[in-house]
């Protein structure tokens, strides 16, 4: 039986998740703004936002655990955690713009 020694810096699932959720949330926000702030878009977007928050929370916990356990990979894990957390201010900005109108 062979053991697979994966290097975390080659794992791209976290980066794909961050970029994917950013693109989808940005598209939903743009669609909301271009439809003259139609509330039906919010009804469609709400389940996605809730599931994205849940999934990003799980990934954040996973990365935090790896950050504690894998000392030699801390720099790569810290960058991934910061990328994951960078979506929070962007989402807050979108929320504040949408609710202001």
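Screening region 10-36 for residues that are out of contact with any helix residue (DSSP H, G or I) (no Cβ under 8 Å at 6 or more places or on another chain) and assigned to a loop (DSSP other than H, G, I, E, B) and picking the one that is surrounded by the fewest Cβ atoms within 10 Å (Cβ to Cβ) gives 36. With respect to residue 39, is the statement that it is surrounded by 14 or more Cβ atoms within 10 Å (Cβ to Cβ) and without any contact (Cβ under 8 Å) to a residue 60 or more places away in the chain true? Judged against the criteria, residue 39 is not a match. The single residue among 60, 53, 93 that is assigned to a helix (DSSP H, G or I), within 30 Å of residue 11 (Cα to Cα) and in contact (Cβ under 8 Å) with a residue 12 or more places away in the chain turns out to be 60. Checking each residue in region 63-74 for being part of a helix (DSSP H, G or I) and surrounded by 11 or more Cβ atoms within 10 Å (Cβ to Cβ) picks out 63, 64, 65, 66, 67, 73, 74. Taking the conditions (1) at pLDDT below 90; (2) surrounded by fewer than 12 Cβ atoms within 10 Å (Cβ to Cβ) in turn, residue 45 satisfies each one other than (2).
The values are calculated or read from the model by the stated rules, or taken from the named source; none is laboratory data. Since the structure is predicted, the reported quantities are computational estimates derived from the model, not experimental observations. Cβ sites come from the backbone with ideal geometry, for glycine too, and all protein chains shown count toward neighbours.
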